[in-house]
Structures are given as C-alpha cells and as structure tokens.
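One structure is given here, and the rest of the page talks about it.
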Amino acid sequence: MSFLSLVLGDITQKGYEKKRAKLLAPYVPQTQGVDPALQKESKPQMPAPSATPASASSSSSASKFHRARSGGARDERYRSDIHTEAVQAALAKHKEQKMALPMPTKRRSTFVQSPADACTPPDTSSASEDEGSLRRQAALSAALHQSLQNAESWINRSIQGSSTSSSASSTLSHGEGKGTSGSLADVFANTRIENFSVPPDVTATTSSSSARPAAIDLPPSGIVKGMHKGSNRSSLMDTADGVPVSSRVSTKIQQLLNTLKRPKRPPLKEFFVDDFEEIVEGNIPQPDPNQPKPEGRQMTPVKGEPLGVVCNWPPALEAALQRWGTTQAKCPCLTALDVTGKPVYTLTYGKLWSRSLKLAYTLLNKLGTKNEPVLKPGDRVALVYPNNDPVMFMVAFYGCLLAEVIPVPIEVPLTRKDAGGQQIGFLLGSCGIALALTTEVCLKGLPKTQNGEIVQFKGWPRLKWVVTDSKYLSKSPKDWQPNISAAGTEPAYIEYKTSKEGSVMGVTVSRIAMLSHCQALSQACNYSEGETIVNVLDFKKDAGLWHGILTNVMNKLHTISVPYSVMKTCPLSWVQRVHAHKAKVALVKCRDLHWAMMAHRDQRDVSLSSLRMLIVTDGANPWSVSSCDAFLSLFQSHGLKPEAICPCATSPEAMTIAIRRPGVPGAPLPGRAILSMNGLSFGVIRVNTEDKNSALTVQDVGHVMPGGMMCIVKPDGPPQLCKTDEIGEICVSSRAGGMMYYGLAGVTKNTFEVIPVNSAGSPVGEVPFVRSGLLGFVGPGSLVFVVGKMDGLLTVSGRRHNADDIVATGLAVESIKTVYRGRIAVFSVSVFYDERIVVVAEQRPDASEEDSFQWMSRVLQAIDSIHQVGVYCLALVPANTLPKTPLGGIHISQTKQHFLEGSLHPCNILMCPHTCVTNLPKPRQKQPGVGPASVMVGNLVAGKRIAQASGRDLGQIEDNDLVKKHQFLTEVLQWRAQATPDHPLFLLLNAKGTTVCTATCLQLHKKAERIASVLCDKGHLNAGDNVVLLYPPGIELITAFYGCLYAGCIPVTVRPPHAQSLTATLPTVRMIVEVSKAACILTTQTLMRLLKSREAAAAVDVKTWPTIIDTEVLGRQTHLHSYLPVLMKSCVDALEFQHSFSVSVLQMSHAAVSGLCRAIKLQCELYSSRQIAICLDPYCGLGFVLWCLCSVYSGHQSILIPPMELESNLFLWLSTVSQYKIRDTFCSYSVMELCTKGLGNQVEMLKARGINLSCVRTCVVVAEERPRVSLTHSFSKLFKDIGLSSRAVSTTFGSRVNVAICLQGTSGPDPTTVYVDLKSLRHDRVRLVERGAPQSLLLSESGKILPGVKVVIVNPETKGPLGDSHLGEIWVNSPHTASGYYTIYDNETLQADHFNTRLSFGDAAQTLWARTGYLGFVRRTELTAASGERHDALYVVGALDETLELRGLRYHPIDIETSVSRTHRSIAECAVFTWTNLLVVVVELCGCEQEALDLVPLVTNVVLEEHYLIVGVVVVVDPGVIPINSRGEKQRMHLRDSFLADQLDPIYVAYNM
C-alpha cells in the first residue's frame, strides 16, 4: 500500500510549492484550455492525510515479542494488551467521522535540533521510579493499522450519525458524478474557470483503489457559496467577513472552524451565571443525575494477622548487627557487582560490624576537638553515595545508627542545578544538616569550582564533606562501646520524598518503627536465616532499603545488589544472579521484568526455580498486572512458579502497606478486578459492563501487613470513612510507619495523625492512622487493590483521573516512530477555575512532522474516547530535554514548572481549549435597546447629568488684532514677513543635533512665492487644484505648503515612500495621488528619481504619475502671480488610511485652520518669544498642524526634530530640549517608547552629558488613542532624576474628524486618573473601582478640552445622549472640525453621518456634531477648571471600529494585548484581531526561536483567565512584523490582511482546537 503524505504549509511558500508539485505530479491531469500560468496558481489544499503507522511488512512480524532494541531502548512501560486493543478499538470508532484538521505551520529553522541533542540518545530506558512497564502485544494486524489511518479522524465530539459531520476534505472533495467539481476553497479567489478538472481525492486513505466519491457537507453558516450540482465551476469561497479566501492560512482557519463546529458530546451545564452586572464565578459542576454513586455500607477497618513474637528477635536492629557481626563474622552480608554484572566484592557481617564501629567512633570523637565535637547524638547527617556502591552506603548507614546520629540518604548531585536539587537543599536546610558523608571516588566526581572546591549547589546549606573510606577511619579503643539501647520512638533515619508540587519532605522513621517494620516484613515474607535475596531497587530508600539493608541484617540474609547502571547495559543481569546464587527472593519493579523479557533470548539456560518470592514493588501501579502475566508466561518454562509472584504496595509515609504472601503450589491464583473507568472517575467501584474499551484491570497487592490495620478515607476534606464500593485514600495504622515530616508540624498532623470519622463526622476509635498517598479499596477476602496515587490525581470538572492511566492510553497509540516510551509526563494546571490536563512527551529526533502531528491528534482522540476527558495541551519536546529524576524518570513537578514559566521549549504543540473549557459564562444576549428618551428620563430621575463637557468659550478671550485683520494663514505669513522679517520661525536639526536649515518669516515668504510661480508656470495649474507634497520631514515641506496656498492650490501632504520597502509603501502614495486627483507632485530630486526608478515600476505603473516638479532646482524667478484666497476646500490634510485601502483625505477650510491654530495658541500660551521642540511626523493630524501651521500663526519658533533621526541618536530629542531650555515639547508615543527603552539604563550618562529637563513645563504626546498610562508613567519615573517634573507629561486626543479635541496646555488642573472595571467595560458600562482591584484598568484623562470645543457622549446605536460616567461614542462640535472627506466616491450619507449629525433626542438647539469613532466617557471631578466651574474630565477608552465583538461582549484589543505582553519576557509586541469569530493573537518573539512554542500555552492561558476568551490562532512572528504607523499605533487591519494573504512568514502558527 502506498500512501501520499502532504505537509500542510509548514515551510516557506516556495518550498511548499516544490514539495506539492512533486507529490501531486502523478495525480494532476494536464488541464486543457487553461493558461499554464493559471494552472500554476491553483493550489489544491489538502488536509494532511496520515502517513501509515507501519508498513505492511513490519506489521506482519509474527514473533510474539519485539526483538530487543539496544539496551532496552523501548521501555514499554504501562503496556497492556487489553488496553492497547481498547485504544485501537476506540480510535477505529472515530474512523467514520473523518475530519480535516489544520496542521500547525512552522518555519523550517524551528525544527532543526542542536547537534548536541542529536548525538546523545536520550535515556529512554527508564521510566520514573514507580513505573510499570508492559510488554506489547504481537504487532497489530494490518486491519488495525487501517483503522488508524486518518489524521482527520479528529476527536469528533459529535453524536454518531450526526448530519453535521463534515467530510474528510472540507476543502477539496469530489462531488457526485462527473459533473461536479468540489469546492476548491482556495484555488481562485475571484476567477471562474470553465471545465476545470479536479485532481483525485488523495486525502481518503482507503486501500481500495476505487475512488469513492465523498459527499461534501457544507458548513452550516453558508460560508461556501455558489455550488451547483450541474455546474463545473470552481466555486468562490468567501468568509463571513467577506475576505476572499485565497491562501493557505485561511484554508486552515476554515478547517479549524469546521472542527469547532462539531456539537460537543455532553450537553454541558453552564457553570456561570451572567448576572448582567457581574459574572458570578463559581466552578461547582452540577452533578450529573446519571453518574454512579456509592451504594455500599460504611467500611470497617481491616486488620492484618497479629505480629508473631519470635523469641530470638533482637531488641533493636543495631543489636542484630552486633550479634551477627561477632558470632557469624564470616557470613556474607552484601555482594556488589561491577559494571558488567559480575560480583566484585562481598561484605561479610564481621566486616560490616567492625567498619561501622570505626565510623561511629570517628564521627563522634575525631571530627572536632574533645570539648567541641562536630557531631552529637541526634544530629542529622547527609549520606551521599552513588547507586553502584551499596557496600560503602551500608557501612555509613549502620555507622550512623551506632553513633546515634540520624542518616538522611540523598542522591549524588550531578550539576549545580539538578532538577529538584533546590528542594533537596531545602530538606537539608530544614533538617539542620552541616555534614555530608561520601566516598573518596564520589567526592572526586562532584562538580568543582575553578580553585578545586566543591560547588555550592543551588539552594543547599554549606556542607562539610567527610570521606568514609576505611583508610581514613580511626580504630576505636578497646574500652569504647557504642550505646545500643532497646528500640524506642527516637528517630532512626530520615527518608526523603518528593510531593506532587515538587517540594521535598523528610519522612522520619523511629527506631521502633524500623524494627517493627523489619519484623512485619520477616513474618510476611517468611524470611529465614542465611537466605539469598537479589535486590534490583535503589538501596537508599523504600523497599530497596527496607529489605536489602535493614531486614537483611535482622535475618542474616545475603543480599546481591544489582545497580541501575548494570541493568542498563545488561538487562538480564538480575535473572542471571538469581540463577547463579539460587536466590530465594528477588526485589524488582515492573520495568525490570520488562527488560528481562526483552533480553531473554540471549540466555536460554537460566533457571528461576529457586525463587519462592518475586516481590514486584510497584504492584500498586495499575498497569503492573500485564507485566507480571507476560513475565510469567515467558519464564514459567524456566522454572518460575506462578504463586511466587508477589506484588506489594508501599509509600514513604506508611512504608509497606500490603504484600501478597507466597501462595501454595497448585492453589488457584487470586482473581482480577475489571473496573469501569467511568465509575473510577467518580470514585466508585463498578465492574465494567458497558464498554470493554474503557476498562481497567487491576491485581491485588495481597493482605494488610502483620500487626497493621487499614481503612479507606475520602481523599479530600475530613477523613471520612468510605463506603465499601468507593475508592479512597488508603490509611494504615501500625507500629511500623513513619512518625512525621521532619520540621513540618502542620503537614505532619494531616498525614500521620489521622483519626477517621463516620458520615456524621464523629471520630471512629482513637487509633491514629497514617495517610499512604495511595488510592484504592479493600476487595473480597480482605485483599487490597490499588488503583492510583494521590500525586497522580487529576481532578477535572469534579471527575478524578489518574495520570498513569492517561500515560498508558497515550502510549497504547502506536507511538514507536514518534515518542520515547518512558519519557512522557502528564500533569494538570489550573486555568480558569478548573484543572486542565497537559501531556508532555519527548519526541524522537527522526520523527517527521506529519508523524508527530498525527500521533498527537490520535492521542487526543484516544484519551477522549477512553477517559471521556479532554486534553488541554499536548506538547512534544526534543529528545533528552525533560528534567530527570536521579533514576532517570521524568521530574514531573519541574516539567510543570517549566511549562508554566515558558521554558519547556517544545518542538510541537497542540492546544485544545475549545474542547476542554466548558465552564465559560454564557455569551451575552443583547437586550432590546432602551430608547434614547427613556435613557434621558432615567438619568434625570436618578439625578445624573448628561455626559457633556466643553473647553473655554472662544468668544470671551480677546486676542490681538492679528486675528481680526488676517483671516488666512497666507495673509498672516505676509504680514509677518513685513513686520518681523528676520524673526526665525523654524530650525531643523539633524541626528548630530546641529542646525541644518532655518527659516525666518521673510525667507519662508520668498521661497513660498518662488514655488507658487513655478506651479503656475511649469505645472499650468489652476486655482483649486490639488497638489501632492512628497517631502521628508523638514523646512522644504513647509515652504512647498505655503507655496501651494500662494498659488491658490490645495496642498496634500504625503509621507514619502521608503526606498528599502518600495513594494509596501509606494502603492499607498499612488493611491493618495489617485484619490485626491492631484494635478501635480512637488518633491525633492532624490525622491523624484525614486518615483521613476525601475524598482518603482515593479510596484506601480510609473507612466501614469501626474507632473512631477523638483523644487530643489528653482531658478531665482521673481515673477509673482497674485494669489487668490480660496475660501472653502483650502487646506487639505491627508490622513492615515485607517481601513485597508480606503484612503480618507480630509478637507479643512481656512476658517477651521485659523480656529484650530487659535485654540492651540490659547491653550499652550504660544507667543513669538516662545520656542517649542517638535519630534513628530509632519504628514497628518496634530503633527502636521504643529509642524506647518502654528508657528506661522502664533509667531513662536519651532525646533523641528525628524523622529527618524532618533534611530541613529537616541539622545537627540532630550538633549535639544535641555540645550534650548524648551518649556513645551511635543512627541509621539513611538519617540517616547524609543527613549524609555533605549535610554532607561543610561540616566547616569544623560546626567554626565549635562542634560537637564527641569525647564520642561509640558511634554505632550500627540495621539489618537487611549493614553498609554504605563508608558508615560515609566517615562516620567525614569527621567525624574534629570529634572523632569512628574506633572509635565500629558497626552492629546484627536481623531479624523477633528485633529485636536484635547490638549493639556498650561493652565487648568493636572490630568486625573481612574481605575475602571474591565468586566463592566465589556458590557459597555463604566464601573469605577479602587486601585489594585482585580481586573481593573487604569485610565488617564487625555488632556484638557481645547477652547471652543464641545464634547458629548452618545450611544452609537440609538444616537441618544448618555449620562455621566457612561461609556459611549465621543461626539465633538467645534469651529475647527474638518468639513468632510475628499473622495472619488461622493458618499453623501457617510459624509453627513460623520461630520454633520444630530442627536436623536434631547437637543433643542439641534447642534451639528461630528462623530470621532472613539468610545469614552465624561466624568465630573472635584477639581476646579480655569473657568471656575467643576472640571469635566474626558477619558478615551478606544476606537470603536477596532473593538472586537466576541461572545456578545465588546473587547478593546489593547486590553488583551497588555495581558499577553506580560506573560513572557520574550514577547516584544503583540496584536490581536478577529477572523470569522476566531480570536487571532500575533506575538513578536524577541528571544530565540526555540521559545516560539512556549508562548502558545501561555498566551492561551492568560487570555482565558483574564478575558474569558478562547484564542483561536496564535501566530509567532519576528520582531518588527506588526505594522505600526508614525504615531506608534498598531495597524491591526493591515496585519490581518497580511496574515490572511499569508505574507507574514511566521515562525509558528498554532491552531487551537
């Protein structure tokens, strides 16, 4: 079977084209009658069909077990036949419902792994300490592979047979019969081609060669238009927003939309009530009436058999050592193996006794002085011994016991920052440890600093290292004897354990508990003196320590210790040891059984007939049952007795909880429990009946320990006894158990001193129990069953899932190609009031993108099917990058921490918030609007004033006679040229801060006259013609402007195109030229060349430019035309094109220009003696007004600083202000940001340069947006050290209809700030809150309203006025409002609506208002305005056309962007927009590309938590991709268009499911 596999656009367009062409070559028929260029254009899109998991040949391998990969490279942990079959069946179920799934787009460079990763094969062998590892069934038959073929068989949360399930290829399908061609969504956006034949549908991966036509199901919202059965035209597919879908990106989004349209399976209850005023949070899931409930009676605690009294049991463990050491000195105690698995040294009881004595004596007497010993009895000591040196460890351990100091065994630290190392340091610190015992070899291997000292490990206390090799120990004098008393409750040793959160705690074991535990184990395991046992476990803790070091000495056993390192090179070594030494007992984990099975072919002649007990210490692992079965079936022929397999359950707190006793030969083996997964998730035991796919088979772990008592209590809340058919936490009461967590009294009480209570809450008995951290139940015959660990418990929406179960399901999906077994972590993170499941796995370096993506989608499917729970995030990381535990397993809590910090660096990620997050509040239903009249009446009744505000009245302010005399700016300029010819008006600075050009009144007048004459002579222009001015920021622009006015023409200022990015900037210039019907272009020589260059010809048609006049080469013509003042349409101001490609050129009359200049003059108190510094772009808005008009009107001197000069000299603006002692300066947000980021850490340098800003009275940011409070605050804070007053910085507010509505000016109160509630803003309401309130937003007033300006807040829908502190659109009335748009299409209605509109109610004067298009509110403050009345503050919230309507609420992009920017240090900038109801978040990554995928979950989390929105697409791009205009505002619509046209070249695009 050959399959076609196609990547969905994971590479650049070019690479994609190549790959596509190669793959499709055999299938694409040569289309006749179609222009080949068109054919090339058409790019049929396909959902990525799966690559087959295994070729037919491999799947037919008949051998029952896989051939051994080198050294256990496939740790088949958690493998069970039953489970694998269940997963396959579950996946097969999804086969019918094929789904096109958008595959993430990734830039090529992001896959390349660093060479270091490629060289070191990860340690796949081991899973963490408690893992079971299960064999895999004979390779699946080809039929099963078949059922798994489609990556499209997406988790289709739909009821089977639902009609909405869309076909596999929603983008490319066969119609029925020959006549129809499928909807080729993105082939041609606007072209229709007759008789276009479709390539065969290669997406259906059926093995049959007959191409079965797949019926195409159109998405319900009618997104695909124009499909007729009879027509064979490729249909045009439009999205809801009318954007033609003509790119790969949009096809994927379409696939995503189709995926999200599936009905979700359970009709979920809404857990949130939208109380209209406030969302009430509460995540109390409504109990499902059909969920299983426990029905049994309350359980009674179960007792173990009594602990027998044996006459020769010692009074303390040390006494046993003394007895054997002195009477049986030659008996072997412990044998260590070398790296190859051969015995290298045997410690006898005599040697153990003598060496321990020497060590005890040395510890107590030889470390300090006689009067000041370093160690006293009762002190804690760290034992740092490697896993392959059990002999030295045993000597050290017993040496400490004899010296009565408390040993704390820990792992050998490998690096300064080991995973979890800091927490170990915390344990050492809390135990007050100052001394560490180790071997000479180990000490040499520890990481050192340059001067040879041992490094200070992160978080560790300062330690003194003591080497315990025999040659360094002093022999004790004859008369010295250790103090061996009968065992009491004093601490004997401390065993460390790591909690779910990663904190390390020390479980303190008393001497009596240590002894009792050894007695109980001896009785349960029926140990007899001189037996040989093989120990494969870690001898420093848990069962390895209890059996191999402690019970060993009690019963004079001989332990053969097989270290982990030997197991890695020779997995069969433990079986060989059992065979060679005729061992009676072996201590193993499931993974050791598994490794032995994989390697067993190398050894035919081993015999396990001597074993009477094979103790499987992680028998508590739910998946251990199949390991045991598989091992037995393989080794029964080697003499292994079925009754010898003895699973047991242990925990650091309760020690051994239960162990299966060796059975009688021939007796039936204990039964199994086959439980329903669904029941388990509700904590109820139900025998599985309904669906064999979701069953869990568990084996018992035997009976309660001798002398112990067990009960089961509810895992959370008070320790209430469970019912007999309920799962709970196992608690044990016996003398053999931990006594406390060292130094943690509070946690100790809840764990070690639990008194169970009955359903009424009253205590049952007085005996304290210890919580074991294991979940389970007591079955028939008092057998104990364990179904999971408290640490692995994931509680999602009130249902409990076990992390190990989920790992097992993930691994049952055929994953050989994609991930390493053993290297997979499952944990939950808390997002939006519930736990969410995260799965992280290590990906093989050779796994292809498709394999990985397909494995991921199938894992999601399998988990959904078997556990009925959604996975929130599935991440694959490069091999060997997950933090490891000392024995090679995954350090879960550290992995979780990396995930939440964004330092996991995944190479593949799939987020499914749409599936998981089911507790979002209901979308807001828009209430039928209250009429404007009712609002008005309501406000009157409530005593609220209507929200309006105004600046000072222009009429009352007398100005000098200049205004009355000269109505036009041209007249003002002429008058100034006569009255003050040498008064300098303009100074232009370059990057070095030197003046490159100045203009006095007379010079300006003369140059303007010269240009006017050229216009009339060369340009043959008539009065009233439009002239485009194309100049860099400077004085030439100003002279050309006045030249046009002199000539009676109308100037249109335009930003010149950028030489480096002509293709992007030139079409804009071209469009303005067309829209304004310009008769002529005035420009400089360089720009003129650029406009006619070959590069320009590539972007636009250069032949159609109007006349271009270069003003630099004007002759000295003195011939003057008398100019005609044009009354209307006299000064045209080209503004930004806010919407894609509709250019608004605004008209302002002479009267409006003069009014505006006058208002600014009054507000800022500008006179001819003043100097102001302007660092703004001079092309539009207030920047243009300040740069070109105000100086001429008011006569003050303007120092002009082109903002682009700051890029080469950051100090330019501030040093100019300081040098010229400027009182008023104007800048843009981009300039302020440049200074804040670039000079923030150079304030000392500014001081050194003598820059002082104490002269500044107002520093005004010119903006048309909500004030960026955080930026202005940080600017003020940073530069307060060089004299900047905290009151100086303020902002302006203007819009297209009126370029200056607010400006702080000199008089009047300081700008006020308020905190508003973000949630209310989304409901279009303003609710003021206190500082620090959750979800609050700081807003600042946008300066004071200019003289003569009136503002009212209006409901944009009803056009009725709103009350004080209500959110609405800001409408403005002022003499300097623009008079309208100048467009080709004379759209009168739009004109009237924007510029001359009336309130629908309550305005008797019928004032004409202009609509700014911004939302805001007016609030009356306690402050006094200049007029003496109370001051009304205007707060701008954001532009109305940029708001996002999602889930019935109104969001401002900037709020979401602020949240996103805070989540990770590598996010430089962020922008959001919507596309067909999907929220798209674009983030600029300023770190390395490895971090790109870390951002996806962080962005999704923060937007969900803070805004209750699910992000649809996360796009990670390079810095500088988000377009920003000259005022520093993001151009989100441009960004959106580029994204949909696939022009962003993103690093990564993630489509959230």
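The values are calculated or read from the model by the stated rules, or taken from the named source; none is laboratory data. Not measured: the values here are computed from a predicted model. Using ideal geometry, Cβ is built from the backbone for each residue, glycine included, and neighbour counts are taken over all protein chains shown. Ligands, DNA and RNA are excluded from the accessible area calculation, which covers all protein heavy atoms including side chains. Shrake-Rupley method; radii C 1.70, N 1.55, O 1.52, S 1.80 Å.
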Over 31 Å between alpha carbons, listed pairs Lys330/Lys584; Lys1247/Lys1530; Lys417/Lys1280; Lys1006/Lys1350; Lys444/Lys749; Lys93/Lys1319 | Lys1247/Lys1530; Lys417/Lys1280; Lys1006/Lys1350; Lys444/Lys749; Lys93/Lys1319
Taking +1 at the Cβ of each Lys and Arg and -1 at the Cβ of each Asp and Glu, which of Val1513, Ala1433, Leu1544 sits farthest along the dipole of the stretch 1399-1553 towards its positive end, judged by Cα position relative to the Cα centre?
-> Ala1433
Ranked by accessible surface with a 1.4 Å probe, highest first, in what order do Arg1257, Arg660 come?
-> Arg1257, Arg660
Inter-centroid distance (Cα atoms) of the stretch 547-567 relative to the stretch 1440-1484, Å | 61
Once the dipole of the stretch 961-1093 is set up with Lys and Arg at +1 and Asp and Glu at -1 on Cβ about the Cα centre, which of Tyr1031, Gly1043, Leu1015 lies farthest towards its positive end?
-> Tyr1031
Can you pull the percent of the stretch 1157-1262's accessible area that's carbon plus sulfur, 1.4 Å probe, other chains left in place?
-> 48
Roughly how many debye, to the nearest 20, is the charge dipole of the stretch 1506-1553 about its Cα centre, given +1 on each Lys and Arg Cβ, -1 on each Asp and Glu Cβ, and no other charges?
-> 180
Report, to the nearest whole %, how much of the accessible area of the stretch 1435-1496 belongs to carbon and sulfur atoms, 1.4 Å probe, protein only.
-> 49
Carbon-plus-sulfur fraction of the accessible area of the stretch 434-495, 1.4 Å probe, in percent?
-> 54
The stretch 442-503, dipole about Cα centre (Lys/Arg Cβ +1, Asp/Glu Cβ -1), debye to the nearest 20 = 280
Over the heavy atoms of His1058, what accessible area does a 1.4 Å probe trace out, to the nearest 10 Å²?
-> 100
Rounded to whole Å², per residue accessible area for the stretch 1156-1266 with a 1.4 Å probe reads 29
Using a 1.4 angstrom probe on the protein heavy atoms only, line up Tyr1551, Tyr833, Tyr1167 by accessible area, largest first.
-> Tyr1167, Tyr833, Tyr1551
1.4 Å probe accessible area per residue over the stretch 554-615, in Å² = 28
Please work out the Cα center distance from the stretch 426-465 to the stretch 1303-1321, rounded to the nearest Å.
-> 57
In order through the stretch 1434-1448: 3J(HN,Hα) via Karplus (6.51 cos²θ - 1.76 cosθ + 1.60), integer Hz, x for Gly, Pro | 9, 10, 9, 9, x, 6, 5, 6, 8, 5, 9, 8, 10, 6, x
Filter on Lys293/Lys500; Lys475/Lys884; Lys252/Lys1103 - keep pairs with C-alpha separation over 31 Å = Lys475/Lys884; Lys252/Lys1103
Considering the options Val829, Met856, Gly788, tell which one lies farthest towards the positive end of the dipole of the stretch 783-901, charges being +1 on Lys and Arg and -1 on Asp and Glu at the Cβ, about the Cα centre.
-> Gly788
Under a 1.4 Å probe, what is the accessible area of the stretch 723-784 per residue, stated in Å²?
-> 43
Where Lys723, Lys303 fall by accessible area, highest first, once all protein chains stay in place (1.4 Å) = Lys303, Lys723
Shape call for the stretch 822-895 from the C-alpha gyration tensor, a ≥ b ≥ c root eigenvalues: rounded (a/c under 1.5), prolate (a/b greater than b/c) or oblate?
-> oblate
